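Below is one structure, written out as structure tokens, with a few remarks after it.
The values are calculated or read from the model by the stated rules, or taken from the named source; none is laboratory data. This structure is a prediction, so every number in the text was calculated from the model and none was measured. Note: ideal-geometry Cβ built from the backbone for every residue, glycine included; neighbour counts use all protein chains shown.
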Amino acid sequence: MLELLLQAAGLGIEGVLVLLCLIFLVVELALECIVLLLEFCMFGVGFVQAVLMIFNLLALLLHLALIGAAAPTLLGAGRWIEARLAGKRTAIISKSLFGKAHTVMAEGGAAAAMGNAHPDDNWMVHFRDTMRGGKFLNNYRMAELHAKEAPDRVWELETYGALFDRTKDGKISQRNFGGHEYPRLAHVGDRTGLELIRTLQQKIVSLQQEDFRNTGDYESRIRVFAETTITELILDGDKVAGAFGYYRENGEDAIEAKTVDCEC
């Protein structure tokens, strides 16, 4: 009987489930706004001003925020690009002007066990070198992920337009660095950091241009908050569920997000 009613209404079971989810989300958002409105009023904020503040917060509501605009954060590009492709709104937050992160001063290179300089190099040797270099105080899981994923991130940068130095046979050149058993630093002369920032900035701009062609808004899916300081991480239990910050220029509230990646 239920299936007949759904067919008559032109909705399948999946369609009804999606509709129920949407109704639930709208109700949840409405309740959160009411609670927030009451909290504002309790602290002496006028009703009209409180409503305007809530509208401003909703306009800046994001699904993913990356705090920090240096290469370590932006190299998590796979995550924010995935989020964007899934239709999520993403923010990149920088305390300074975008492109002025200290990564531009980095000269050595990006360590990745690609085996271009020595065939015996692999992620396990890189992992061991990393743990030894940190006197085994490292978070071993993070060191493992770094060693395993670094080659893919370097190759990913090449697809974005990074121009690494090459060997005579056309492979990415890798050189020695302290603490590494084998030469494994992919580099661009002595300006690797500058090249990484340039490449990642260019990728962000190209995605924003693509979004403008599709939606008429450069910031519809990726928004850059320059000269913005994050003052508080919003917790849900032991998980980071959001962030709050302000524009350094005028002190106005800047951002609230559902998911946060921080550069440490």
| query | Just a yes or no: is a residue in the range 208-225 of a type in the set (Val, Ile, Thr), within 20 Å of Val104 (Cβ to Cβ) and in contact with a Leu (Cβ under 9 Å, 6 or more places away or on another chain)? | reply | no
| field | Test for Ile204: is it out of contact with any Phe, Trp or Tyr (no Cβ under 9 Å at 6 or more places or on another chain), among the aliphatic types (A, V, I, L, M) and outside any loop (DSSP other than H, G, I, E, B) | value | no
| task | Output the number of residues of the range 158-167 satisfying the condition of being out of contact with any Gly (no Cβ under 7 Å at 6 or more places or on another chain) and part of a loop (DSSP other than H, G, I, E, B). | result | 5
| Within the range 168-201, which residues are assigned to a loop (DSSP other than H, G, I, E, B), farther than 20 Å from Thr130 by Cα and touching a strand residue (DSSP E or B) at 6+ places or on another chain (Cβ under 8 Å)? | Ser173
| message | Being of a type outside the set (Lys, Arg) and without any contact (Cβ under 8 Å) to a residue 12 or more places away in the chain is the filter here; which residues of the range 120-154 pass it? | response | Asn122, Gly134, Phe136, Leu137, Asn138, Asn139, Tyr140, Met142, Leu145, Glu149, Asp152
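Residue under question is Thr228, and the condition is that it be among the β-branched types (Val, Ile, Thr) and under 26 Å from Val125 (Cβ atoms); does it hold?
Against the criterion (among the β-branched types (Val, Ile, Thr) and under 26 Å from Val125 (Cβ atoms)), Thr228 does not qualify.
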| task | Give the range 226-264 a look and list any residue that's of a type outside the set (Gly, Ala, Ser), at pLDDT below 75, assigned to a strand (DSSP E or B) and within 15 Å of Ser94 (Cβ to Cβ), or say none. | result | Ile255, Val260, Asp261, Cys262
